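Below: the structure, in structure tokens.
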């Protein structure tokens, strides 16, 4: 399983449109509008790295209003249980 966090810059005012489009993309598990250098953050999961690459390059980067992306591929992690 391949997993990544995709940081997205949108055109001014395009955050909501991008967020709505991300929700419809298979493999996007979570997406949030955020404040800071980036406008939207998405968590993406795919069966393998090639599928992950396709989701990011073909589906996310080509969305209207997306200006740029930064993809951080997860190499190791642990989900924290409720504290």
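The values are calculated or read from the model by the stated rules, or taken from the named source; none is laboratory data. Please read all numbers here as calculations on a predicted model, not as lab measurements. Heads up, the Cβs are rebuilt from the backbone with ideal geometry, glycines too, and the neighbour counts pull from every protein chain shown.
Odds and ends about this structure:
- Taking the stretch 1-33 as the range and being touching a helix residue (DSSP H, G or I) at 6+ places or on another chain (Cβ under 7 Å), assigned to a loop (DSSP other than H, G, I, E, B) and crowded, with 18+ Cβ neighbours inside 10 Å as the test, only 27 passes.
- Flag for residue 50 being surrounded by fewer than 18 Cβ atoms within 10 Å (Cβ to Cβ), at pLDDT 95 or above and assigned to a strand (DSSP E or B): no
- Residue in the stretch 67-77 that is in contact with a helix residue (DSSP H, G or I) (Cβ under 9 Å, 6 or more places away or on another chain), assigned to a strand (DSSP E or B), surrounded by fewer than 15 Cβ atoms within 10 Å (Cβ to Cβ) and modelled with pLDDT of 95 or more present: yes
- Scan of the stretch 34-47 for residues that are within 22 Å of residue 77 (Cβ to Cβ) and assigned to a loop (DSSP other than H, G, I, E, B), ordered by number: 34, 36, 38, 47
- Among (1) free of Cβ contacts under 8 Å to residues at least 24 places away in the same chain; (2) at positive phi; (3) surrounded by 13 or more Cβ atoms within 10 Å (Cβ to Cβ), the one test that residue 36 misses: (3)
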